[in-house]
Amino acid sequence: MRGRSGYGSGAVLQAGGLKRLKKEMSSNAWVVRDEAGLREAVRRLENRPILACDLETTGLDPHRDTVLLVLIGDARLQVAVDARAFDDLRLLKPVLEREGLTVFHNAQFDLKFLKSLNLEVSRPQDTMVLEILLAGGRRVGPRTLKACCERRVGLSLDKAERTSFMNYEGELTDAQITYGLADVLATYHLFLEQTGAIEDAGLGRVARIEGAATDPFAELEYRGIHLDRSSWERLLEEARGAREATLQALRAAVRPVVNPDLFGHVSVNFDSESDLRDLFGRLGYEDLPDLTKATLSRLDHPLATALVEYRVHQKVLSSYGDEFLSHIHPVTGRLHPRFKQLGAATGRCSCEGPNLQSIQGGDRFRGAFSAPNGRMMVTADYSGCELRILAELSKDPAFLRVFQEGGDLHSLVASSMFGKQVSKTENPDLRSRAKAINFGLCYGMGAAGLARQISSSVEEAEDLLDRYFSEYPKVKQWLDMSADVAIGRGYCETMAGRRLYLDDMGDPERRQQIIRQAKNMPIQGTSADITKLAMARVARALRSRGKDAFLVNCVHDELVVETSESDADEVARLVRKEMVSAGEVFLKEVPTVVDVQVARHWAK
DNA sequence: GAGGCACGCGCC
DNA sequence: AAACGGCGCGTGCCTC
């Protein structure tokens, strides 16, 4: 084979690194620059059970930057494919689509670039994700490949060469290839170390779920979502007008206590907490606990009223203004936020740049996320997901019955608590109280929190909780047991076995916080287990049926899929079916209900 | 000028 | 008497 190389200089593998790696690399590294070489490499790699893979690219953007090197191998053989020497890399398909695992560090990055080359990976695994799973919320240090290898393999990597790839156009140097191959070997050995630890911690099941969800997350980022810029800008214009009007009201409200400047203007920064505290002080409100909407609403003063309204518009303008629109990609014309697969310690993903998980509800803003011409959006969400999980976990017979009966959950709970007919129209106050408890319980709420939430006295709130728990005693038992067990063993876990290790107890306040986390995490985290499994199943189903459809957003218990118009109804059925099946993997005694909408826009 | 904090608030 | 879980992001304000 051509391109045999002897990279044994040790420039990359520092003292203290594994001599084994150095030896492996010096004798088994191959550079592939032509079709014959690639065919031979593929022949030798396509049956390997575990391969590590790493890409070197000219930058971070798969829609603008290019792949320089595809490096792939295991302890016995490593191949460096000079990507620019090939018109396309379809010859690699048998390797990437083989039965075995293909391991990356930060797989989303590499998978996106592989997508830009029309390559898919059948069974990716991600050592960065596994490292976060193993950490289970503990602060064990950075998750870079270098840091993970130092912690787990006792191997030290020199990352100095990394920046050389940025905007690189010349012939690849030996140093660059050696660097890439060292990363592949490091990833491979890191994965082997992690595998044992994953089994020891009972994390195998959740690791498989995460592995299956990795490509859907990469797809989500790569495809992006379309935003109708002109209708978005209309919303901003409305907000600008409304903010100006409320500013007039604000200035009028403070005029009695503020000296206008030389030009008769009132110069107060209504975004400044200290300015506002000063103003409220002059108006006789000295010791406000905070300046939140809830506190201001109780004041019944023109300044407070106007401030609450001002903030509504200011929030829109600051959240969705120029910075937001600057994220529209110049090449694709779409938003490509980053989805951090394990962004939250509970197992949820998070989203940034911009955050598509905090777009205001309702059609006003979400309606601007439209499908391009000839396409449709399917919006699907799990109905009452966390409460169903609480029912399943607690096995409370009455609570289970509420879900098995179907109908409006909060009304049913309110009816059984208060012994009265309750619906969205009959006794709606009782319904909203039941609703506050339902949600609050998932957060480990106590009587004080409930009292605050529904603006009642603490006694009243205690009474409500007593009623609730006498109706659903095993719910309380489970919540208390969950906290006790978690504190006893130092971690809590989801139904899939995902773990969150709890800090050592500090002061009583901190202890209470940990107890609330221990009650909440199994619920929130199991919801994440379900949604990630659903993402994997939905993506697989869409692909296997050859649908021109893909995920464009994930909002914790909600998936949004863009599809060709002609397939919309079939895709909607498919999305529902796969989401329900994912839910039923965990929810055995409670039905899984998924609401699906088909529209031109992101719905709800 | 960058970085970190507190605050407030959008979502689930 | 009693401060409900998980995020990202904009603003002001402080420090270096």
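The set of residues in the range A:396-440 that are assigned to a helix (DSSP H, G or I), out of contact with any helix residue (DSSP H, G or I) (no Cβ under 7 Å at 6 or more places or on another chain) and either in contact (Cβ under 8 Å) with a residue 40 or more places away in the chain or within 24 Å of A:A518 (Cα to Cα) (or both) comprises A:P397, A:Q404, A:F439. Just so you know, in the range A:451-501 the residues that are of a type in the set (S, T, N, Q) and in a helix (DSSP H, G or I) include one that is farthest from A:L400 (Cα to Cα), and it is A:Q453.
Among residues of the range A:233-269 being among the polar types (S, T, N, Q) and within 30 Å of A:G367 (Cβ to Cβ), the one that is most open to solvent (accessible area, probe 1.4 Å) is A:Q248.
Against the criterion of being buried (at least 22 other Cβ atoms within 10 Å of the Cβ), modelled with pLDDT of 95 or more and not assigned by TED's automatic domain parsing to the domain that holds A:P49, A:L220 qualifies. Scanning the range A:51-100 for residues that are open to solvent by 40 Å² or more (accessible area, probe 1.4 Å) and among the aliphatic types (A, V, I, L, M), we see that the one that is farthest from the chain's Cα centre (by Cα) is A:A85. Comparison of A:A603, A:A528, A:A568, A:A572 shows that the only residue that is part of a loop (DSSP other than H, G, I, E, B) and open to solvent by less than 20 Å² (accessible area, probe 1.4 Å) is A:A603. Close contacts from the range A:301-326, counting a first residue that is over 19 Å from A:R234 (Cα atoms) and a second that is within 10 Å of DNA strand C (Cβ to nearest atom) and not aromatic (F, W, Y), with Cβ to Cβ under 8 Å and a gap of 6+ residues or different chains, come to A:L307/A:L276. Take the conditions within 30 Å of A:V140 (Cβ to Cβ), within 11 Å of DNA strand B (Cβ to nearest atom) and small (G, A, S) and apply them to A:S358. Does it pass? Criteria met by A:S358. Restricting A:L533, A:L551 to those that are within 25 Å of A:A345 (Cβ to Cβ), assigned to a strand (DSSP E or B), modelled with pLDDT of 95 or more and open to solvent by less than 30 Å² (accessible area, probe 1.4 Å) reduces the list to A:L551.
Scanning the range A:377-391 for any residue that is in a helix (DSSP H, G or I), more than 30 Å from A:H329 (Cα to Cα) and more than 16 Å from DNA strand C (Cβ to nearest atom) turns up at least one such residue.
Out of contact with any Cys (no Cβ under 7 Å at 6 or more places or on another chain) and near DNA strand C (Cβ under 9 Å from one of its atoms): does that describe A:H301? Here the answer is no, as A:H301 does not meet what is asked. Taken as a whole, the range A:516-536 holds at least one residue that is among the small types (G, A, S), in contact with a helix residue (DSSP H, G or I) (Cβ under 8 Å, 6 or more places away or on another chain), in contact (Cβ under 8 Å) with a residue 40 or more places away in the chain and more than 14 Å from DNA strand C (Cβ to nearest atom). Tallying residues that are open to solvent by 30 Å² or more (accessible area, probe 1.4 Å) and either away from DNA strand B (no atom under 15 Å from the Cβ) or not assigned by TED's automatic domain parsing to the domain that holds A:G361 (or both) within the range A:582-595 yields 5. For the range A:169-194, a residue qualifies if it is surrounded by fewer than 18 Cβ atoms within 10 Å (Cβ to Cβ) and of a type outside the set (D, E), and the qualifying residues are A:G170, A:T173, A:A175, A:L192. The conditions of being open to solvent by 60 Å² or more (accessible area, probe 1.4 Å) and over 21 Å from A:G211 (Cα atoms) are not met by A:R543. Residue check: A:V103 meets all listed conditions (1) within 20 Å of A:K340 (Cβ to Cβ); (2) touching a Lys or Arg at 6+ places or on another chain (Cβ under 7 Å); (3) touching a residue at least 60 places away in the same chain (Cβ under 8 Å) but one, namely (2).
Yes or no: A:L450 open to solvent by less than 20 Å² (accessible area, probe 1.4 Å), within 16 Å of DNA strand B (Cβ to nearest atom) and over 27 Å from the mean Cα position of the chain (by Cα)? Yes, satisfied.
The values are calculated or read from the model by the stated rules, or taken from the named source; none is laboratory data. Note that this is a predicted model, so its numbers are computed, not measured. In this analysis, Cβ positions are derived from the backbone assuming ideal geometry, glycine residues included, and neighbour counts consider all displayed protein chains. Note: accessible area is taken over every heavy atom of the protein model, side chains too, but ligands, DNA and RNA are not part of it. Shrake-Rupley method; radii C 1.70, N 1.55, O 1.52, S 1.80 Å.
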